[in-house]
Amino acid sequence: MADTRNADLTFGATDYLVYAAAVNTAAPSAFADPTTPWINLGWITTEGGLFKIEEESQDVEAAGSLEPIRTLMTKSVKSTQVTFLEGLNPMVRSLYDNVPLASLEPTTDIAEYTLPDKPADLRYAFIFDTMDGTKRMRLYMPNGKVTERGDEQPQTTDVMPVQMTFKFYKGAGNTAAVKRSLKYGGVDVSSFFPEA
């Protein structure tokens, strides 16, 4: 087997951007900058985002076999955790407080709203863009919502971080919960795909 190691295939994020739009909003064409109706959720901590895939399976046992005769995939949950730095960004506040974005529109510089007693099922489409020079990765999720929220701690020594975990579901027409796009940035990867 040929040695296909290539330092140019390493990926160190130099920027991490998150966008939200109405649930099932179509993704822009590959790596085009999102425009209206997409809203940028502002600055994010240097840790970027933590994308997770959690899978569960169930083994089927049977007499006459010491090993499972079949394994059933019972669950595959995709989520991303991000810590935002703009604690007053209206879209970030809307997602964290679980209220419609319209609730945060100010009248004479002030917005007032009540936090829901019963959690609302507010869903959006999301784009998570990561860049390393000309190399890029994009995750597009047509149907997601915030399922976990970190503690809110306004402080005098630093900006108030707003941490949220997003969970993703299939989109309209049973489209995939997550679509990943890769831009190799001119790095030659042809050795990974030898001609038959």
Low-density loop positions, GluC sites (Glu not before Pro), region 90-196 - DSSP coil, at most 12 other Cβ in 10 Å = Glu112, Glu152, Glu195
Compute the separation of the alpha-carbon centres of region 125-157 and region 42-94 and state it in Å as a whole number.
-> 14 Å
In debye, nearest 20: dipole of region 1-113 around its Cα centre with unit charges on the Cβ of K, R (+) and D, E (-)?
-> 180 debye
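Dipole of region 14-187, Cα-centred, from +1 at each Lys and Arg C-beta and -1 at each Asp and Glu C-beta, to the nearest 20 debye? Walk me through the intermediate numbers first.
Values: 17 positive and 22 negative charges, 166 e Å.
The calculation lands at about 800 debye.
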What is the list of residues in region 149-168 whose amide nitrogen lies under 19 Å from a point 7 angstrom out from the Cα of Ser76, following Cα to Cβ?
-> 167-168
With a Cα-only, solvent-free Debye model of the chain, what are the log10 I(q)/I(0) values at q = 0.15, 0.16, 0.18, 0.19 Å⁻¹?
-> -1.02, -1.11, -1.28, -1.37
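Between Ala2 and Lys183, 0.36 nm times their residue separation minus their Cα-Cα distance comes to what?
Gain on stretching Ala2 to Lys183: 62.8 nm.
Every read-out reported here was derived from the displayed coordinates using simple, explicitly stated rules and does not represent laboratory data. All values reported here derive from a predicted model rather than from experimental measurement. Don't worry about glycine lacking a Cβ; one is built from the backbone with ideal geometry, like all the others, and counts go over all protein chains shown.
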